[in-house]
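Novice: Provided herewith is a single structure, encoded as structure tokens, for subsequent inquiry.
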Amino acid sequence: MCSDAEDEQPGPSPRAAHEIPALATMQLPKHAPGAPLAATPVRIKVPEAANSQKRRLFRRKKVEIGASPKRGTPMNEVGRETPIPQHLKVKTSRILYTTDEEVRDALMEFGVFIIFLFLTSLVTLSVRHSHMFYFNDTMKRLFVTRNLTVVPSVTISFEKMLTVPDWWDYLIYNFVNTLHGDMTENPTSAPENKAKRRWKTGKFREEEYSGRKREPAARAAPPWAVNSPYLTTHLQGRMFLQENLLLGPPRLRQIRVSKDTCHVDTGFTQNYNICYPAYSVEAEESSEWHKESRYRTMGALGATPIMTLLAFYRSGGYTVDLTYDKHENLRIINKLKTANWLDRGSRLCLVEFNLFSDNKDIFQSVKLIAEIPPTGGVIPQAHLQTVKEYSFFTDLSLSMTVVYIFWYIMVFYYTICEINEMHKSGCKKYYKSSLNILDNVVLVLSYLALVYNIWHTLRMKSILSKARAEESYQSIDYLCLSNLVYVDMMAVLAFLVWIKIFKFISFNKTLIQFTTTLRRCSKDLIGFSIMFGIVFLAYAQLGLLLFGSEHPDFHNFVTAVLTMIRMILGDFQYNLIQQSNRVLGPIYFLTYIVLVFFILLNMFLAIIMQTYNAVKNEITQGRSQLASYVYKKLSAAFYWVTHCGRKRRVLPPPRPKSVHKAAEAVELKDPKVLRKNMTQEEARYFEEIPHDVHNRQLFRVTNRVSLIEEVLEQLVTNMDSILQRFEREHGARKS
């Protein structure tokens with residue numbers, strides 16, 4: 001992640017320049033072993049005329065010493081790569097597999113990254129539990145999609161609500177029955193509640209007059225409540241579906257708007273003189289009381305903003321607390337219905353409660369929402385969210401705790417590597433690389449995950465202590481909202497870490513073609529995207545204006561844009577388009593399909609295919625150094641196992657047979673100095689021959705030709721400067 005091998009070497013020091021007086025006026029060829037390794041080449045300032053004359057004479061540009069932009073090491077004229085010191089290596093966007101040293105470093109880095117990728121996958125997958133889906137699905141089927149038949153001709157369903165009376169009927173006949181039908185009552189309060197109901201119905205008085213006195217039998221608490229460390233009176237037996245604890249009784253909440261905050265036409269003021277606008281922060285009603293329900297702010301309720309189909313509600317509202325008793329809740333709801341608690345000023349009403357599953361240590365927040373638009377009616381919506389109780393620090397699984405510890409050890413390791421990389425290359429050059437930015441984003445998300453888990457642990461302790469101490473509604477909205485952001489953040493983290501694998505795939509020709517094609521055609525795709533976006537947005541706005549009042553897929557601009565994308569994939573409803581506008585509907589559909597699907601989409605594919613063919617023709621397979629290195633190591637390991645720990649002897653490479661005997665004699669002598677008047681640097685220029693060069697005589701000849709060429713180029717430059725000086729002096733004499 002941070003030790004990728006490409007060199008950024010410093011230039012030659014002034015001391016080195018003084019030590020080479022003989023070569024101070026010329027530039028060494030880039031393959032010279034005596035030349036200092038430098039990413040910034042040593043340039044010689046020459047006049048422009050000399051450069052042009054030099055190109056005409058030798059028909060080529062001068063090649064400077066320096067690292068190739070696509071290679072990790074500088075190369076000489078015979079294709080040999082000069083190794084770069086380890087402490088000068090700078091990160092590249094792709095791993096090289098051309099030499100044994102690069103293969104070894106790449107495999108070590110890739111192995112470390114695979115471990116980090118595996119740990120990251122385990123950590124990110126741990127934020128979600130498989131039972132969360134079934135928990136949410138059960139609550140949705142119970143309270144949202146379930147239909148209850150009150151009488152043979154009346155069926156109550158949350159999804160089919162249309163009016164405010166339907167909302168009251170749902171609360172009375174469906175919600176209360178579903179909630180209390182599967183909830184176990186508190187054994188200590190059950191006899192007391194039963195006595196209250198008998199007194200209200202008159203049965204207690206009849207028993208008293210008839211002389212029959214009945215004592216309510218005392219019922220013992222269940223064993224699980226007696227032995228539980230969370231023993232609390234108001235939590236005993238409040239079990240929903242026999243497995244989940246109800247954290248406080250439910251509550252009703254509504255958000256209202258003030259009247260007379262919108263304009264009423266003068267022609268209707270006689271019969272319709274009060275106006276209630278759509279919800280906004282300016283139009284919200286925040287008086288202290290509304291029909292015996294008190295207004296409380298969002299902070300006092302522990303609530304968070306609610307995003308619905310029509311608006312974004314950033315308010316607390318007027319609340320009514322329900323109880324654990326079914327008959328008491330029915331009485332409260334009927335009273336609110338009779339008092340017309342929801343009127344024309346109501347814009348949102350919701351019933352909310354929270355559950356805790358001790359079997360899987362999961363919290364769940366359930367919000368059943370009835371949104372009331374200014375045009376009347378009800379839009380039903382349901383918000384279900386689940387949160388794990390344990391964080392990184394409180395997880396009961398020992399294996400996951402070990403995974404968290406090792407994951408953050410690797411995060412700290414990569415952090416140190418990135419800091420060293422930034423210090424070595426400088427901030428400006430460091431952030432020019434997209435790979436460095438990607439690594440920084442991964443590290444920032446990792447540390448944000450650590451901060452969230454610390455906050456989650458403290459928040460969970462506060463919620464549990466409050467639930468054991470108080471009987472009121474326990475809000476977990478802040479926990480649910482922060483957990484939602486945390487899960488999205490971990491999803492992005494996992495995606496970015498997986499994307500980083502593309503850095504290590506340069507050993508395969510097909511994979512290189514994929515990444516190179518995307519990089520080459522990026523500019524063309526940007527230009528095409530601008531043209532495609534203009535056509536796309538034009539059709540989206542046209543569809544919104546033509547079908548927005550009747551077609552559900554065009555009721556707003558965002559939905560219309562998504563509908564355009566779905567039409568490209570073949571997911572559309574042509575009958576609704578034709579019914580919305582019988583004249584322009586078919587024309588709209590046909591022109592969109594022809595222009596976007598048949599023309600623009602094929603242009604997009606043509607751009608990619610043209611670039612892919614060009615890249616495919618340029619990239620050659622070559623020899624796989626990675627495969628040969630792995631094969632050599634595996635064969636050596638097999639030999640070590642089969643020969644009882646003895647290492648295989650490495651034989652020297654065979655000498656070429658085409659070398660002349662006289663040349664072999666010169667090769668064996670390996671002279672240190674080839675001519676008498678040669679300087680020390682020139683002698684080192686010829687005598688230092690790498691061991692991996694087979695034809696040493698050809699290597700010396702190549703070096704000699706390159707040196708002669710450099711001398712001739714310098715002579716041409718000096719002659720040109722002499723001619724220019726002569727012309728200046730001659731012109732000065734004439735003047």
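The values are calculated or read from the model by the stated rules, or taken from the named source; none is laboratory data. Since we're looking at a predicted model, the values are computed, not measured. Cβ atoms come from the backbone with ideal geometry, glycine included; neighbour counts cover every protein chain shown. Please note that ligands, DNA and RNA were not included when accessible areas were found on the heavy atoms of the full protein model with its side chains. Shrake-Rupley method; radii C 1.70, N 1.55, O 1.52, S 1.80 Å.
Novice: Exactly one condition in (1) aliphatic (A, V, I, L, M); (2) part of a strand (DSSP E or B); (3) open to solvent by less than 10 Å² (accessible area, probe 1.4 Å); (4) closer than 30 Å to Trp455 by Cα is not met by Ala303; state its number.
Specialist: In the conditions (1) aliphatic (A, V, I, L, M); (2) part of a strand (DSSP E or B); (3) open to solvent by less than 10 Å² (accessible area, probe 1.4 Å); (4) closer than 30 Å to Trp455 by Cα, Ala303 misses (2) alone.
Novice: Here's another thing I want to ask about it. Scan the stretch 475-500 for residues that are among the acidic types (Asp, Glu) and surrounded by fewer than 18 Cβ atoms within 10 Å (Cβ to Cβ) and jot them down.
Specialist: Asp488, the sole residue that qualifies.
Novice: Which residues, counting only those in the stretch 104-126, are surrounded by fewer than 17 Cβ atoms within 10 Å (Cβ to Cβ) and among the β-branched types (Val, Ile, Thr)?
Specialist: Scanning the stretch 104-126 gives Val112, Ile114, Ile115.
Novice: Would the stretch 537-549 turn up any residue that is closer than 27 Å to Leu518 by Cα and either in a helix (DSSP H, G or I) or in contact (Cβ under 8 Å) with a residue 12 or more places away in the chain (or both)?
Specialist: Yes, that holds for at least one residue.
Novice: Next question, about the same structure. For the stretch 590-601, give me each residue that is at pLDDT 85 or above, touching a helix residue (DSSP H, G or I) at 6+ places or on another chain (Cβ under 8 Å) and open to solvent by 30 Å² or more (accessible area, probe 1.4 Å).
Specialist: Passing the criteria: Ile593, Leu595, Leu601.
Novice: Taking the stretch 165-182 on its own, how many of its residues are over 40 Å from the mean Cα position of the chain (by Cα), over 13 Å from Asn334 (Cα atoms) and surrounded by 20 or more Cβ atoms within 10 Å (Cβ to Cβ)?
Specialist: Total meeting the criteria: 1.
Okay, residues lined up against (1) in contact with a Ser or Thr (Cβ under 8 Å, 6 or more places away or on another chain); (2) polar (S, T, N, Q); (3) exposed (fewer than 13 other Cβ atoms within 10 Å of the Cβ):
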site: Ser446; (1), (2), (3): no, yes, no
site: Lys461; (1), (2), (3): no, no, yes
site: Tyr473; (1), (2), (3): no, no, no
site: Phe502; (1), (2), (3): yes, no, no
site: Ile534; (1), (2), (3): no, no, yes
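Novice: Now, a different point. Listed residues Tyr452, Tyr431, Tyr486; which is farther than 30 Å from Leu245 by Cβ and either touching a Pro at 6+ places or on another chain (Cβ under 7 Å) or of a type in the set (Phe, Trp, Tyr) (or both)?
Specialist: Residue meeting the stated conditions: Tyr431.
Novice: Within the stretch 321-346, can you find the residues that are more than 19 Å from Glu285 (Cα to Cα), in a loop (DSSP other than H, G, I, E, B) and open to solvent by 30 Å² or more (accessible area, probe 1.4 Å)?
Specialist: If the condition is that a residue be more than 19 Å from Glu285 (Cα to Cα), in a loop (DSSP other than H, G, I, E, B) and open to solvent by 30 Å² or more (accessible area, probe 1.4 Å), then Thr323 is the only one that fits.
Novice: What's the number of the condition Leu384 fails, among (1) in contact with a Lys or Arg (Cβ under 8 Å, 6 or more places away or on another chain); (2) open to solvent by less than 10 Å² (accessible area, probe 1.4 Å)?
Specialist: Result: Leu384 fails condition (2) only.
Novice: Follow-up. Just to check your reading of the model, which residue among Tyr447, Tyr473 is farther than 24 Å from Leu605 by Cα and at pLDDT below 90?
Specialist: Details: Tyr447 fails: at pLDDT below 90.
Result: Tyr473 is the single residue among Tyr447, Tyr473 that is farther than 24 Å from Leu605 by Cα and at pLDDT below 90.
Novice: For the stretch 490-536, enumerate the residues that are within 23 Å of Glu102 (Cα to Cα), assigned to a helix (DSSP H, G or I) and among the β-branched types (Val, Ile, Thr).
Specialist: Val497, Ile499, Ile501, Thr510, Ile512, Thr515, Thr516
Novice: How many of the residues in the stretch 562-579 are at pLDDT 85 or above and crowded, with 17+ Cβ neighbours inside 10 Å?
Specialist: Residues that pass the stated criteria total 4.
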